[in-house]
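Participant: What follows is a structure written as structure tokens; I'll ask about it next.
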Amino acid sequence: MNNNHFSIRHIQNFLATSALALGLTIGSVNAVLAQVQAQTYESVQYMTGGIGNAEQNEMKSAEKDYNLHMTFSALKDQAFLSDVAVQIVDKDNKKVFDASNTGPYLNVKLPDGKYELTASYKGESRKHAFTLKGGKTETAVLRWPAE
């Protein structure tokens, strides 16, 4: 038998496998994009994610649309952390933002003002006070001890 010939069954199996792989790839890309789409808490727009290169690139390319950029990581090895709960209050202590599953990157669009952010990871909190005024952006990295 000549090794250069393929049966119809082999070709059908190859095509079916290729179609399945393509479908899974397209589905994975759509899932990644869906995880970093803009979201809203009351009237505040935000975007969170950054697990994997595709999400990190998506988050970084969207930074221009937000004026608060947070990164959450471990102290020891600087590994990214997710599942961080974040609350932001204004100068009157009114809650303007609340999300329970953010990270490792968080971009938020806030009006000008003075704010205090509280980020909690596994029961331990970090605070960050900041002021946004006249197109200024705020960037901070909050770190927690490794487990």
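The values are calculated or read from the model by the stated rules, or taken from the named source; none is laboratory data. Bear in mind that the values here come from a model prediction, so they are computed numbers and not experimental data. We place every Cβ from the backbone using ideal geometry, glycine too, and count neighbours over all the protein chains shown.
Participant: Pull up region 67-78, narrow it to residues that are surrounded by fewer than 20 Cβ atoms within 10 Å (Cβ to Cβ) and part of a loop (DSSP other than H, G, I, E, B), then point me to the one that is farthest from the chain's Cα centre (by Cα).
Facilitator: If we take residues in region 67-78 being surrounded by fewer than 20 Cβ atoms within 10 Å (Cβ to Cβ) and part of a loop (DSSP other than H, G, I, E, B), then 76 is farthest from the chain's Cα centre (by Cα).
Yes or no, residue by residue, for (1) within 22 Å of residue 43 (Cα to Cα); (2) surrounded by fewer than 12 Cβ atoms within 10 Å (Cβ to Cβ); (3) of a type in the set (S, T, N, Q):
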{"site": "92", "(1), (2), (3)": "yes, yes, no"}
{"site": "95", "(1), (2), (3)": "yes, yes, no"}
{"site": "108", "(1), (2), (3)": "yes, no, no"}
{"site": "120", "(1), (2), (3)": "no, no, yes"}
{"site": "136", "(1), (2), (3)": "yes, yes, no"}
{"site": "143", "(1), (2), (3)": "no, no, no"}
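Participant: What residue, of 132, 81, is at pLDDT 95 or above and either loosely packed, with under 14 Cβ neighbours inside 10 Å or of a type in the set (A, V, I, L, M) (or both)?
Facilitator: Residue meeting the stated conditions: 132.
Participant: Sticking with this structure for a sec: Given the criterion of a type in the set (A, V, I, L, M), part of a strand (DSSP E or B), more than 17 Å from the chain's Cα centre (by Cα) and closer than 14 Å to residue 70 by Cβ, identify the matching residue among 140, 85, 99, 129.
Facilitator: Criteria check complete, one pass: 129.
Participant: Can you name the residue in region 33-76 that is in contact with an Asp or Glu (Cβ under 7 Å, 6 or more places away or on another chain) and within 14 Å of residue 103 (Cα to Cα) and is also modelled with the lowest pLDDT among such residues?
Facilitator: 35
Participant: Please specify each residue of region 52-66 satisfying the condition of being buried (at least 17 other Cβ atoms within 10 Å of the Cβ) and over 12 Å from the mean Cα position of the chain (by Cα).
Facilitator: Hit for region 52-66 is 66, nothing else.
Participant: Return the residues of region 108-126 that are within 22 Å of residue 39 (Cβ to Cβ) and outside any strand (DSSP E or B); say none if nothing qualifies.
Facilitator: 110, 111, 112
Participant: Does residue 47 satisfy the condition of being part of a strand (DSSP E or B), surrounded by 14 or more Cβ atoms within 10 Å (Cβ to Cβ) and touching a helix residue (DSSP H, G or I) at 6+ places or on another chain (Cβ under 6 Å)?
Facilitator: When the stated conditions are applied, residue 47 passes them.
Participant: Let me ask you something else. Among the residues of region 100-122, count how many are of a type in the set (Lys, Arg) and out of contact with any Lys or Arg (no Cβ under 6 Å at 6 or more places or on another chain).
Facilitator: Adding up the residues that qualify gives 2.
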